[in-house]
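Structure first, commentary second.
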Amino acid sequence: MAVRGERIVAVGSEDDVAVLQGGSTEVIDLAGRLLLPGFIDAHTHFGNAAAWTFRIGLYDEREMDDVLGRIRAAAARVPAGIWLTGGDVGAAVAWDADAKDLPRHGVPPIDRAALDRAAPDHPLLIRRVDGAHVANSLAFERARIGRRAPDPRGGGIERDASGEPTGVLFGRAGERMAELIPPLNLEQMVLGGRAALGDLRQAGITSIHDVARLDEISRRHLFHTDVERSATDLELFRELQRRDELSVRVYAFLTLAVWGEVVARGIRPRADEGKLRFGALKAFIDGFLMEEPYADDPDFAGSFTFRFVDEATMAADIAAADMAGFDPVVHTIGDKAHRLLLDWYEAAIRANPPRDRRLRVIHAWYPSAREIERIGRLGLIVDITPQHLLNDERTVERRLGPARAKTAHAWRALHNAGARLDIVSDWPGSFNEQRATPLAPLRNIALAIERGWHPDEALTIEEAVAAYTINPAYASYEEDRKGSIALGKLADLVVLSRDIFRLNAREIDSTTVDLTVLGGRVIHRRQA
């Protein structure tokens, strides 16, 4: 294969391509390694990932050595002097006790001295699972809390026998220190964005479909709740692009609820702004909204999400956005939520003129067999997250009962019905930071082809790779420019250490990304 500038200019035998080699040509011998189109992660929250650079998730750590190790790793990614926060220390052990209906025992043994050793150059404030906070010495200095500082009303400062603060802050004392931390501004988000871009490059990801917002619209719109929570401020991408640091292509999911303002701002479907592209509008329906109550909770059948206004508003927004040429892409979990969404999609298709639609169902955890058939008949795109199944499989049978569980996370059934599948990460994870979903394309591919729960719903390796390359390229109307290795396409590429088409799931998971190429330029090279 030969690349000139950003494009692939030849694909063929070694002899055919070698004649194009010039004196300044860089030649990369793959030596038996596998070349693929760059991975496309079709559902990310880049802004959250950038912000998490400064917030350390400690919920899963059970040992203090592991807690301090996570803090050291976070401090190594952030310039000295910038605040770091995190929590909740001791959560995993406490939640285990709660699940067994046992009392919680003690509090995590962590103090200012331990934090000073882990992050001496960053002011650091972390939260314990009991709600208390612990700060290091630099944080105490920034807050001007010394030995003689009085306890604030409604809080307390723990002190040792000599009267020195140990670092532990109770009640309002911890809250008041948290209130001193400067809010994340654009410059700090750029720092976090650089770290997030590094993670994408190392994972072999050259494009993302990101949940985003336009701040100039958000500031002038009255939302009923935080509808745009987890949406990246588009200005972050624009600023990184202005600085020539944006090393990923972005298909932005703007907010469906403000579709009118998006149109009024002159944004058009499939318009490009450098590495940014528009065309999809994101909305949410539910948190597990089911037709019938749950098997393990007969008084509860789920509910709409807090972002949801009402059914009439959602139906109208979908129809109007579709009329404007934008594709709704909607977070959908329960079977009733699927039914409602498909009703609204079908109504929009009937009401509006024919066009090339790339409508999407995001997550598709618990559709019924009827809704799976409808998704396929409509030719919809479905974003699936294997990591979600891994988290869910321990409880899904108990929650749904065996009959409804048969169509939960039904990837093979969706594919066979005619849906086009994207494998996505939902990176970095839940907004409350309690459950991370790593980028890890190779791990997600491995999980997709070898599932322990309902293994008959697994994908083939060819289908899984397509779900990370050409399928998401199609979802953003870019199948003519990326997603496969072909003459004239963008040279967005990834080189893997082994041929994953010949490996089992465990071997795929342990394969490494050796090179990532964006537009013909090597942006990641694995260090030997």
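The values are calculated or read from the model by the stated rules, or taken from the named source; none is laboratory data. Since we're looking at a predicted model, the values are computed, not measured. Virtual Cβ from ideal backbone geometry, glycine too; neighbours counted across all protein chains shown. With ligands, DNA and RNA removed, areas are computed over all heavy atoms of the protein, side chains included. Shrake-Rupley method; radii C 1.70, N 1.55, O 1.52, S 1.80 Å.
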The alpha-carbon pair-distance distribution computed for the range 252-377, with 10 angstrom bins and whole-percent values, is 13, 42, 31, 11, 3, 0
Computed for the chain: size of charge dipole around the Cα centre, +1 on C-beta of each Lys and Arg, -1 on C-beta of each Asp and Glu, debye to nearest 20, value 920 debye
Hey, what did the range 446-491 get for relative contact order, percent, Cα under 8 Å, at least 6 apart?
22 percent
Percent antiparallel among DSSP beta bridges with both residues in the chain, to the nearest 5?
45 percent
With +1 on the Cβ of every Lys and Arg and -1 on the Cβ of every Asp and Glu, the dipole magnitude of the range 1-89 about its Cα centre, in debye rounded to the nearest 20, is 380 debye
I need the calculated FRET efficiency for the pair ARG521 and ALA73, taking r as the beta carbon distance and R₀ as 35 Å, to the nearest 0.05.
0.80
Take the alpha carbon gyration tensor of the range 380-425, find the square roots of its eigenvalues, order them as a ≥ b ≥ c, and report rounded if a/c is under 1.5; if not, report prolate when a/b exceeds b/c, else oblate.
oblate
Over the range 277-427, what is the mean sequence separation of C-alpha contacts under 8 Å (at least six apart), divided by residue count, expressed as relative contact order in percent?
23 percent
Place a +1 charge on the Cβ of each Lys and Arg in the range 253-361 and a -1 charge on the Cβ of each Asp and Glu, then give the dipole magnitude about the Cα centre in debye, rounded to the nearest 20.
900 debye
Run the Debye formula on the Cα coordinates of the chain, all scatterers equal and no solvent, and tell me log10 I(q)/I(0) at q = 0.05 1/Å.
-0.22
Please work out the Cα center distance from the range 487-528 to the range 132-158, rounded to the nearest Å.
49 Å
Sequence of MET64, MET177 when ordered by accessible area, the most exposed leading, probe 1.4 angstrom
MET64, MET177
Considering the dipole of the chain built from charges on the beta carbon (Lys and Arg +1, Asp and Glu -1) around the Cα centre, which of LEU503, ILE56, SER425 is farthest to its positive end?
ILE56
In whole percent, the fraction of accessible protein surface over the chain that belongs to carbon or sulfur atoms, probe radius 1.4 Å, stands at 50 percent
Alpha-carbon Rg/Rh ratio, for the range 77-186, with Rh computed the Kirkwood way:
1.00
Dimensions of the range 300-344 along principal axes (Cα, Å, largest first)?
37, 17, 14
If the convex hull of the alpha-carbon atoms of the range 449-512 is projected onto planes in all directions, what is the mean projected area in square nanometres?
5.2 nm²
To two decimal places, what compactness ratio does the range 371-522 give when its Cα radius of gyration is scaled by 2.2 N^0.38 Å?
1.10
Tell me the per residue accessible area of the chain using a 1.4 Å probe; a whole number in Å² is fine.
44 Å²
222 nm [θ] for the chain, helices only, -39500 (n - 2.57) per DSSP H run of 4+, per residue, to 500?
-9500 deg cm²/dmol
Spread of Cα-to-Cα distances over 5 Å intervals beginning at zero, given as percent, for the range 4-109:
2, 8, 12, 12, 9, 8, 9, 9, 8, 7, 6, 4, 3, 2, 0
Dimensions in Å of the range 219-292 - Rg and Dmax from alpha carbons
14.7, 52
Mind ranking 347-360, 74-87, 424-437, 141-154 by how tightly packed they are, going by the mean number of other C-beta atoms within 10 angstrom, highest first?
424-437, 74-87, 347-360, 141-154
Quick calc, PHE300 & ALA347: beta-carbon distance into FRET formula, R0 51 Å, rounding 0.05, result 0.95
Given axes a ≥ b ≥ c from the Cα gyration tensor, I'd like to know whether the range 306-381 is rounded (a/c under 1.5), prolate (a/b larger than b/c) or oblate.
oblate
The alpha-carbon center of the range 251-272 and that of the range 365-385 are separated, in whole Å, by 25 Å
Formal net charge of residues neighbouring TRP95 (Cβ-Cβ distance under 13 Å; K, R +1; D, E -1):
-3
Check: C-alpha center the range 428-461 vs C-alpha center the range 319-364, spacing in Å is 25 Å
Protection proxy (average C-beta count within 10 Å per residue), highest first, orders 440-449, 403-412 as 440-449, 403-412
Using only the alpha-carbon atoms, how far is helix 311-323 inclined from the longest principal axis of the chain? Give it as 0 to 90 degrees, nearest 10.
50 degrees
Test of understanding: express the Cα radius of gyration of the range 170-299 as a ratio to 2.2 N^0.38 Å, with N the residue count.
1.33
Everything considered on the Cα gyration tensor (a ≥ b ≥ c; rounded for a/c under 1.5, else prolate if a/b is larger than b/c, else oblate), the range 489-528 must be described as oblate
Provide the net charge surrounding GLU164, with neighbours chosen by a C-beta distance below 15 Å and charges set as Lys +1, Arg +1, Asp -1, Glu -1.
-2
Can you tell me, using C-alpha contacts under 8 Å and at least 6 residues apart, the relative contact order of the range 120-184 as a whole percent?
30 percent
Environment charge of PRO472, counting only residues whose C-beta is closer than 9 Å and scoring Lys/Arg +1, Asp/Glu -1
-4
